[in-house]
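As structure tokens, the structure follows; a few thoughts come after it.
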Amino acid sequence: MIISPKVRGFICVTAHPDGCKKNVLEQISYVNSQKKITDSPRKVLIIGSSTGYGLASRIVASFGSEADTIGIYFERPEMDGKLASAGFYNARALDEFSRTEGRLSESINGDAFSDAVKGETIALIREKCGKIDCIIYSLASPRRTDPVSGETYKSVLKPIGASFSGKTVNTDTEQILEISIDPATELEIEATCKVMGGEDWERWVDQLLAADVLAEGLKTCAYSYIGPEVTWPIYANGTIGKAKEHLEQSAKNIQNKLKKLQGEAIISVNKAVVTQASSAIPVVPLYNSILFKIMKQKGIHEGCIEQMYRLFSSHFDANRDELGRNRLDNLEMRDDVQREVKEIWPRISTENLRELSDFEGYRQDFLRLFGFEVAGVDYGKDMEIA
């Protein structure tokens, strides 16, 4: 099988095994080129570990901190000659590279929202680790089934209170378009909080605490994003923003529960990067394209792996704001960077998209998520799929 990218809107429905493996290896190489991280967690559980920030977290933990890791993800494996999802290939590659270095690298492929996977994880921790000293919560899912009620909730990307109209880019046609999105209903807001808020994070901590598999001084960190005003109607002030408020309240709840372990619950506000989740959010791909050009020109651009190395090497304690959140987005939100974004935003059009933004860089980052456009990979090779 010759594998080529087949893009449908914000999703690529194919993934290249060799490209995904090389992409993981390049991130490992970056971490290996940096200073080793000392006095860092040694037994790390990453919930949502197969792509984006979760994958980068696991790579940094394993190769930067030389930690044993357990990764939880929900990905499609190869079956009946059909390709697996990119996340499956990423996780498989990481397990292989980590084990080669002699480190524990265990993975569970299943629904992290379910109590069954939580129970399976607890059993694995007891068998392989004893206790863990760090939990990374990096789930990004469009839906969640509540393990208590059995009800399935679906998240939406909508404004609250009023319709939103603004610019976005059609990444297939490279056209700048004006879009309009109706406001979310109360039920949609509630459902989005159920999926993307902190209820499941807190449930994980509750069950791990009850099972006595958390070490003294445990740190648990969940990832968030705020962004600039241009994205607020559809992000910070929209349904996702409400979910992130819920996440922050959950962090406070978890913090109280971890007092007896002298543990800490942290929210890390990360930089805008290209992920499968962010690609689906209107406005964000256009904003990212502009942002990347500016940050690259200033020599301060970072991807997931650079951000996560910075997080772990600062021991989850860099650039805290007045609410105690770790602000890894400090370079993105610099006044000079955001001033230039504001200058470009009203001027950008279909005709000058590639001149005023790094749309090509955005496009390449997007395809790399699925193992394409990775240097050194033979994309003409006939691949055998199980």
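Values quoted throughout were computed directly from the atomic coordinates according to the rules given, and no laboratory measurement underlies them. Remember, predicted model here, so these are calculated numbers, not experimental data. So basically every Cβ, Gly included, is an ideal-geometry build from the backbone, and we count neighbours across all protein chains shown.
Could you give log10 I(q)/I(0) at q = 0.15, 0.18, 0.21, 0.24 Å⁻¹ for region 286-370, computed by the Debye formula over C-alpha point scatterers of equal weight, without solvent?
-0.64, -0.85, -1.03, -1.17
Per residue, how big is the convex hull around the C-alpha atoms of region 147-279? Give it to me in cubic angstrom, could you?
Values: hull volume 17.7 nm³, N = 133.
Normalising the Cα hull of region 147-279 by residue number yields 133 Å³.
Compare the Cα positions of LEU45, PHE366, ALA222 along the charge dipole of region 7-368 (+1 at Cβ of Lys, Arg; -1 at Cβ of Asp, Glu; about the Cα centre) and return the one farthest towards the positive end.
Farthest towards the positive pole: LEU45.
Please state the relative contact order of the chain as a whole percent: Cα pairs under 8 Å, 6+ residues apart?
Values: 735 pairs, mean separation 82.3, N = 386.
That works out to 21 percent.
With θ taken as phi - 60° and the coefficients 6.51, -1.76 and 1.60, list the Karplus ³J(HN,Hα) couplings across region 38-50 in order, rounded to whole Hz; mark glycine and proline as x.
Residue by residue, region 38-50 yields 9, 6, 10, x, 10, 10, 10, 9, 10, 9, x, 10, 9 Hz.
With the Cα gyration tensor of region 236-322 in hand, convert its eigenvalues to equivalent ellipsoid semi-axes via √(5λ) and list them largest first in whole Å.
Working: eigenvalues 157, 70, 19 Å².
Ellipsoid semi-axes (Å, largest first): 28, 19, 10.
Restricting everything to alpha-carbon atoms, can you work out Rg to Rh for region 85-195 with a Kirkwood hydrodynamic radius? Walk me through the intermediate numbers first.
On the way: Rg = 19.9 Å, Rh = 17.9 Å.
For region 85-195, the value is 1.11.
Through the Karplus equation 6.51 cos²θ - 1.76 cosθ + 1.60, θ set to phi - 60°, convert the phi angles of region 372-381 into ³J(HN,Hα) values in whole Hz; use x for Gly and Pro.
10, 6, 9, 4, x, 9, 8, 7, x, 6
I need LEU369, LEU157 ordered by Cβ neighbour count within 10 Å, fewest first. Walk me through the intermediate numbers first.
Details: LEU369 23, LEU157 20.
Going from least to most buried by this count: LEU157, LEU369.
What's the Cα-based Rg to Rh of the chain, Rh via Kirkwood? Present the calculation step by step, with values, prior to reporting the outcome.
Details: Rg = 20.3 Å, Rh = 21.4 Å.
Rg/Rh for the chain comes to 0.95.
Considering only DSSP beta bridges with both partners in the chain, what is the antiparallel share in %, to the nearest 5? Walk me through the numbers before you get to the answer.
Values: 14 of 41 bridges.
Within the chain, antiparallel bridges account for around 35 percent of the total.
Read phi for every residue in region 200-215 and hand back ³J(HN,Hα) as whole Hz from Karplus 6.51 cos²θ - 1.76 cosθ + 1.60, θ = phi - 60°, with x for Gly and Pro.
6, 4, 5, 5, 4, 5, 4, 6, 5, 5, 4, 7, 6, 10, 10, 7
Amide H neighbours of THR145 under 5 Å, counting only residues 5+ apart in sequence or on other chains, H built in-plane at 1.01 Å?
Amide H neighbours of THR145: TYR153.
Using modelled backbone amide H atoms (1.01 Å from N, in-plane), which distant-in-sequence or interchain residues come within less than 5 Å of MET383's amide H?
Under 5 Å from the amide H of MET383 lie the amide H atoms of ILE2, ILE3, each far enough along the sequence or on another chain.
Which trypsin sites (Lys or Arg not before Pro) from region 292-386 combine a DSSP loop assignment with at most 12 other Cβ atoms within 10 Å?
Values: sites: LYS293, LYS296, LYS298, ARG310, ARG320, ARG325, ARG327, ARG334, ARG339, LYS342, ARG347, ARG354, ARG363, ARG368, LYS381; in loops: ARG325, ARG334, ARG347, LYS381.
The qualifying sites are ARG347, LYS381.
On a full-extension model of 0.36 nm per residue, what is the gain between ARG76 and ASP336, subtracting their alpha-carbon distance, rounded to one decimal in nm?
Working: separation 260, 0.36 × 260 = 93.60 nm, distance 4.24 nm.
Gain on stretching ARG76 to ASP336: 89.4 nm.
Could you size up the charge dipole of the chain around its Cα centre, putting +1 on the beta carbon of Lys and Arg and -1 on that of Asp and Glu, and report it in debye to the nearest 20? Walk me through the numbers on the way to the answer.
On the way: 48 positive and 56 negative charges, 104 e Å.
Dipole of the chain, to the nearest 20 debye: 500 debye.
For a label point 7 Å from the Cα of HIS315 along Cα→C-beta, name the residues of region 133-172 whose backbone N is under 13 Å from it.
Counting backbone N atoms under 13 Å from the label point, the list is empty.
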